[in-house]
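First comes the structure, then the notes that go with it.
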Amino acid sequence: MLKYAMFIEYLNNNPLFATLLIISIGYFLGNLKVKGVSFGSSAILFVGIYAGLKGLHLPSILKIFGLSFFIYSIGLQAGPKLRSMFNSENLKLEFAAFLIVMFGAILTIFSVIALNIDKNIAIGIFAGALTSTPGLAAAYEATGSSLTSIGYGVAYPFGVIGVILFLKIVQLIYSERIKESEKVEKNEEALKKSSITYKQILVKNPGVLKKSLKDLKIIESFNCVVSRVIKDGKVIIPTKDTYLNSGDVVRVVGAIEDIERVAIFLGELVEYEIPESDLTVMRFVVTNKKIVGKTIRELRLKCSFNANITRITRAGFDIPARGDLKFEWGDRVTVVGERNSKEYFKNLFGDDVKKVNEASVFSIILGLTLGILIGMVPVSFGSVFSFKLGITGGVLISSLFLSNIGKLGPVLWRAPSNIVTFIRELGLIFFLTSVGCSAGDKIMGVLKAQGIGILLWGAVITLFPMVFIFYLSLVVFKIDIIKVLGLIPAGMTSTPGFATATSITDSETPSTIYATVYPVAMLSMIFFAKILAVVL
């Protein structure tokens, strides 16, 4: 017993070693899987609670350090997606995710008013029941109470298990409907793949001669794209101002029935082999700060070098090369142009792969500093109430705004995904370790005072929003069940739940929906955690 007390004293005198030890044990336990389920980084919180229960105390600066870096990384991740979040196709799904979080917040208010649960514990239960570490970070920073961490720790285990159990029950009850949706989706995909092709058309109809592609409106009228024009045996890259003459051959891409309509409009389908030319496909990486933030149209490549940018690959996704699309650091750019211009494009885009993963330490530190300053500014709503955004609110707003604009002067505010992941994990593990230790010495007293009721109420907050939104999505919003499989774990911010959803179906749709909806749910958790701390 004496040796144990001496060991705890040693850890208290060496907080860095103690922190790293808790993190190491937590990571080991978090990666252990029981029937495919693991706690991941959240296991660090429980190890920290145990250490705090045994008398370990860590410096509060670790909490602030971890919190600020973690929340800043969340903003870096979500900021560039802000515009796509408000896409009309996604709004219904995002609204459903927002409702999940809102209903959880309403139940939390009810627990404080009707069940007399301590407000700081209730806000922690809210974050734990919806398995949201960003919500915990915001809630803890807003309340300043270690009771919030206890509430999170109590509710989190069932939050993880509850989402998985619910999705498994959905699989059992709706298995036939899921299979039917998969079949429809596969048929639609097969139809898309089989119907998209290209053909060559000989231009000869008098009505289209001497008219530009802009005037002919082939894209708008026939849903087809003219990708090449062959004039006198020479292949050129068409623009909206390219004119068609008798004898020209155009390559048209689209569905076969649409191409046939274009053929009647322009002339006739022909068997024609496109001749060899100096045109080639080139790919470059954007690592030149001077073009970051500029649009494709501003480069005027067609006028200067007879070249077109056909697509941009960003974060693993191909984006059509619209004229108003702005370049971002690390974009992969596909260019069709003449071979002898390759060196120019290399210099223009930078094309230094080594630089892609370089993040500006200055921009991250400056962004954090600005965020902390924003958090200190009081926000008032007339004479009703006023509050400060604090570290979480200020840093989140700073990172969302800066990462959305991407570049300001010479400073690049966005960071590569691997850097964002690193600072998120770094901040998270320090935050969980610190709040776990500070909560540990109070947890037994809380459980004795509140009883098993807080465990049961955490389960209610986990289950009720899921069940209600699942019904609402299928019956009222008429969302396909395959999409709902991605919506539920995203709205609950549950990574284990997402893994379960992907195991239920071979479709990639749940993954797409999860990636689209998760940022909205995450930001909603932070928002409601702040609101609950103010109104309760």
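The values are calculated or read from the model by the stated rules, or taken from the named source; none is laboratory data. Keep in mind that this is a model prediction, so the values were computed, not measured. Positions of Cβ are generated from backbone atoms using ideal geometry, with glycine treated the same way; all protein chains shown enter the neighbour counts.
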Within the stretch 453-536, considering only helices (runs of 4 or more DSSP H) that don't extend past its boundaries, which have at least 3 residues that are out of contact with any Leu (no Cβ under 9 Å at 6 or more places or on another chain)? 453-471, 495-504, 509-535
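Among Ser380, Ser360, which is the only one that is hydroxyl-bearing (Ser, Thr, Tyr), modelled with pLDDT under 75 and touching a Ser or Thr at 6+ places or on another chain (Cβ under 8 Å)?
Selected residue: Ser380, the only one of Ser380, Ser360 that is hydroxyl-bearing (Ser, Thr, Tyr), modelled with pLDDT under 75 and touching a Ser or Thr at 6+ places or on another chain (Cβ under 8 Å).
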Evaluation of Gly445 against (1) in a helix (DSSP H, G or I); (2) surrounded by 15 or more Cβ atoms within 10 Å (Cβ to Cβ); (3) at pLDDT below 85; (4) not hydrophobic (A, V, I, L, M, F, W, C) (one fails), failing number: (2)
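The rows are residues; the columns are (1) touching a Leu at 6+ places or on another chain (Cβ under 7 Å); (2) touching a residue at least 60 places away in the same chain (Cβ under 8 Å); (3) surrounded by fewer than 24 Cβ atoms within 10 Å (Cβ to Cβ); (4) not aromatic (Phe, Trp, Tyr).
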{"site": "Asn90", "(1), (2), (3), (4)": "no, yes, yes, yes"}
{"site": "Ala96", "(1), (2), (3), (4)": "yes, yes, no, yes"}
{"site": "Met102", "(1), (2), (3), (4)": "no, yes, yes, yes"}
{"site": "Ser111", "(1), (2), (3), (4)": "no, yes, no, yes"}
{"site": "Ala114", "(1), (2), (3), (4)": "no, no, yes, yes"}
{"site": "Ala142", "(1), (2), (3), (4)": "no, yes, no, yes"}
{"site": "Ala155", "(1), (2), (3), (4)": "no, yes, no, yes"}
{"site": "Val163", "(1), (2), (3), (4)": "no, yes, no, yes"}
{"site": "Leu172", "(1), (2), (3), (4)": "no, no, yes, yes"}
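Take Val262 and decide whether it is in a loop (DSSP other than H, G, I, E, B), in contact with a Gly (Cβ under 9 Å, 6 or more places away or on another chain) and either touching a residue at least 60 places away in the same chain (Cβ under 8 Å) or not assigned by TED's automatic domain parsing to the domain that holds Ile312 (or both).
Values: in a loop (DSSP other than H, G, I, E, B): no; in contact with a Gly (Cβ under 9 Å, 6 or more places away or on another chain): yes; either touching a residue at least 60 places away in the same chain (Cβ under 8 Å) or not assigned by TED's automatic domain parsing to the domain that holds Ile312 (or both): yes.
So Val262 fails the test.
So which residues in the stretch 397-407 are under 13 Å from Trp329 (Cα atoms) and among the hydrophobic types (A, V, I, L, M, F, W, C), if there are any at all? Reasoning before the result, please.
First, pick out the residues of the stretch 397-407 that are under 13 Å from Trp329 (Cα atoms): 403-407.
The answer is Ile405, and nothing else.
Across the stretch 225-244, which residue is surrounded by the fewest Cβ atoms within 10 Å (Cβ to Cβ) among those that are touching a strand residue (DSSP E or B) at 6+ places or on another chain (Cβ under 7 Å) and not hydrophobic (A, V, I, L, M, F, W, C)?
Asp241
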Of the numbered conditions (1) at pLDDT below 85; (2) not in a loop (DSSP other than H, G, I, E, B), Phe69 satisfies every one except a single condition; which is it? (1)
Of the residues that make up the stretch 16-24, is at least one farther than 14 Å from Glu425 by Cβ and modelled with pLDDT under 85? no
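Could you check how many residues of the stretch 247-270 are loosely packed, with under 14 Cβ neighbours inside 10 Å and either under 13 Å from Ser212 (Cα atoms) or of a type in the set (Phe, Trp, Tyr) (or both)?
Step one: list which residues in the stretch 247-270 are loosely packed, with under 14 Cβ neighbours inside 10 Å, which gives 247, 256-257, 264, 268, 270.
When the remaining residues are screened for being either under 13 Å from Ser212 (Cα atoms) or of a type in the set (Phe, Trp, Tyr) (or both), the result is none.
Matching residues across the stretch 247-270 total 0.
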